[in-house]
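S.K.: Take this structure, written in structure tokens, and hold onto it; I'll ask about it next.
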Amino acid sequence: MSADGKPDGIAMLIDRAGRATRSLQFMDGLSPAQWEALRYVSRANHYSRNPSALAAFLGTTKGTVSQTLIALEGKGYLRRERGARDRRAVRLEITPAGRALLRQDPLLRVEAMVVEVLPPALRAALTDGLQRLLDDLGKNGEGRAFGICVRCDLFGAQETIEGAADEAREAPRCGLTGEPIAEGESDCLCANYCNEVDPG
């Protein structure tokens, strides 16, 4: 709110920025939804690289996500793999062609503009504020909150297991599953993200 009690228009600016960045993403034969799906799969941990989590992240239906995945598979950017133990389980994987395409992601241009325009302290405050807003929107709406594993309340929450191999004892664990968190996955998006502590 501004000093005179009127809304200061932040929600409108966020919406307009979203529309502007979305319009940039009709490139390389992909739609914005296809770009977003590729980005998500490339950043998600192994618990979260599945069609249901992707649908929740995008705030859309499983049917719509299925069409997006069919298109990305057809272009050779993504593949679906069946689970070894449960053949009904599907894990999404980015192909080398998909990774190469992500190096041309149109949002990288926006990111460069943000770095150019905003000083580091303001970028950090903006990132933190927008993440809190997204967390709250996820909790209060139909979706769930997604977040970075290492920032989760469940990160490393479970005690080490007696008799486990040394490397398993030393690895951080997921407090939900009890499994060691694989190297490189602590900085990934997780669909089981939990952050109940209000940072103030």
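S.K.: Kindly indicate the residue of region 34-59 that is of a type in the set (S, T, N, Q) and under 16 Å from residue 81 (Cβ atoms) and also surrounded by the fewest Cβ atoms within 10 Å (Cβ to Cβ) among those meeting that condition. Spell out the reasoning first.
M.R.: Within region 34-59, the first condition is being of a type in the set (S, T, N, Q), and the residues that meet it are 34, 42, 45, 48, 50, 52.
Imposing the further condition that a residue be under 16 Å from residue 81 (Cβ atoms) reduces the set to 42, 45, 48, 50, 52.
Values: 42: 18, 45: 22, 48: 25, 50: 20, 52: 12.
It comes out as 52.
Condition check ((1) surrounded by 15 or more Cβ atoms within 10 Å (Cβ to Cβ); (2) of a type in the set (Gly, Ala, Ser); (3) at pLDDT 75 or above; (4) under 20 Å from residue 55 (Cα atoms)) across all residues:
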| position | (1), (2), (3), (4) |
| --- | --- |
| 101 | yes, no, yes, no |
| 119 | no, no, yes, no |
| 130 | no, no, yes, no |
| 137 | no, no, no, yes |
| 161 | no, no, no, no |
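S.K.: Here are some residues: 80, 109, 88, 22. Which one is farther than 21 Å from residue 187 by Cβ, out of contact with any Gly (no Cβ under 6 Å at 6 or more places or on another chain), charged (D, E, K, R) and assigned to a loop (DSSP other than H, G, I, E, B)?
M.R.: Being farther than 21 Å from residue 187 by Cβ, out of contact with any Gly (no Cβ under 6 Å at 6 or more places or on another chain), charged (D, E, K, R) and assigned to a loop (DSSP other than H, G, I, E, B) holds for just one of 80, 109, 88, 22, which is 88.
Results for (1) polar (S, T, N, Q); (2) closer than 21 Å to residue 192 by Cβ, shown as yes or no for each residue.
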position: 31; (1), (2): yes, no
position: 36; (1), (2): no, yes
position: 46; (1), (2): no, yes
position: 78; (1), (2): no, no
position: 108; (1), (2): no, no
position: 126; (1), (2): no, no
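S.K.: Does residue 49 meet the test of being outside any helix (DSSP H, G or I) and closer than 25 Å to residue 185 by Cβ?
M.R.: Judged against the criteria, residue 49 is a match.
S.K.: Quick check on this structure: which one of 38, 72, 54 is out of contact with any Phe, Trp or Tyr (no Cβ under 9 Å at 6 or more places or on another chain), in a helix (DSSP H, G or I) and in contact (Cβ under 8 Å) with a residue 12 or more places away in the chain?
M.R.: 72
S.K.: Could you please let me know if residue 61 is closer than 27 Å to residue 185 by Cβ and modelled with pLDDT of 90 or more? Explain how you work it out, then say what you get.
M.R.: Numbers: closer than 27 Å to residue 185 by Cβ: no; modelled with pLDDT of 90 or more: yes.
Criteria not met by residue 61.
The values are calculated or read from the model by the stated rules, or taken from the named source; none is laboratory data. If you're wondering where the values come from, they're calculated on a predicted model, not measured in any experiment. Positions of Cβ are generated from backbone atoms using ideal geometry, with glycine treated the same way; all protein chains shown enter the neighbour counts.
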